[in-house]
Amino acid sequence: MKYFRPALVAWVLSVGAAFAGPQGFALHDVPQSVANVRYLTEDGSRGDMEDFRGKVILVNVWATWCVPCREEMPTLDTLQAELGGDHFEVVALSIDRAGSPVVRRFYDEIGVTNLKMYVDQTMLSMTALRAVGLPTTILIDAQGRELGRLVGPAEWDDPEMVSFLRGFIE
């Protein structure tokens, strides 16, 4: 315990709080670089994060077998319906090894209609994006830099969250 410095702990906590968004969304003080993660679309086309350059994206790394992921997916679908367009997209990146058929079944079961399908069957995106758990959601600016992230589920269609995200789009 001789290394415990209360003043340092108080400073770290105050800095962390200064960069916190709604529901524990952690913003970086300086934008971070993002790996150019690859994915497949529902029709089997290949793509990568560079495809979204010029658009703010909210990348949600998830899987159909992840219960919290399943629970938050309708709120991501609603968020895409409200904010999605030329300047913003929710990128729901599934890491299901079974690929797009299992994701399509899940989307159909719960009525997802606004989210496109992005799948990384290799699961390499977890490491590349430094995701420590599921779901992990990362806000990336139009220049392809990470602005912040939230590990764990959230209510993405909550008015405070929508307003918070809208601030990065406009």
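When you look at R53, is it within 19 Å of Q143 (Cβ to Cβ), surrounded by 11 or more Cβ atoms within 10 Å (Cβ to Cβ), modelled with pLDDT of 95 or more and of a type in the set (D, E, K, R), yes or no? Yes.
Go through Y118, Y107 for me and flag whichever is buried (at least 17 other Cβ atoms within 10 Å of the Cβ), among the hydroxyl-bearing types (S, T, Y), under 18 Å from Y39 (Cβ atoms) and under 14 Å from the mean Cα position of the chain (by Cα). Steps first, please.
Working: Y107 fails: under 14 Å from the mean Cα position of the chain (by Cα).
Answer to the selection: Y118.
The condition (being loosely packed, with under 15 Cβ neighbours inside 10 Å and either touching a residue at least 40 places away in the same chain (Cβ under 8 Å) or under 17 Å from I57 (Cβ atoms) (or both)) is satisfied by just one residue among R149, R145, R97: R145. Just give me the residues in segment 15-46 being closer than 19 Å to L147 by Cα and either modelled with pLDDT under 50 or in a loop (DSSP other than H, G, I, E, B) (or both), in sequence order. Residues satisfying the conditions are V15, G16, A17, A18, F19, G21, F25, S33, V34, A35, N36, V37.
The values are calculated or read from the model by the stated rules, or taken from the named source; none is laboratory data. Bear in mind that the values here come from a model prediction, so they are computed numbers and not experimental data. Heads up, the Cβs are rebuilt from the backbone with ideal geometry, glycines too, and the neighbour counts pull from every protein chain shown.
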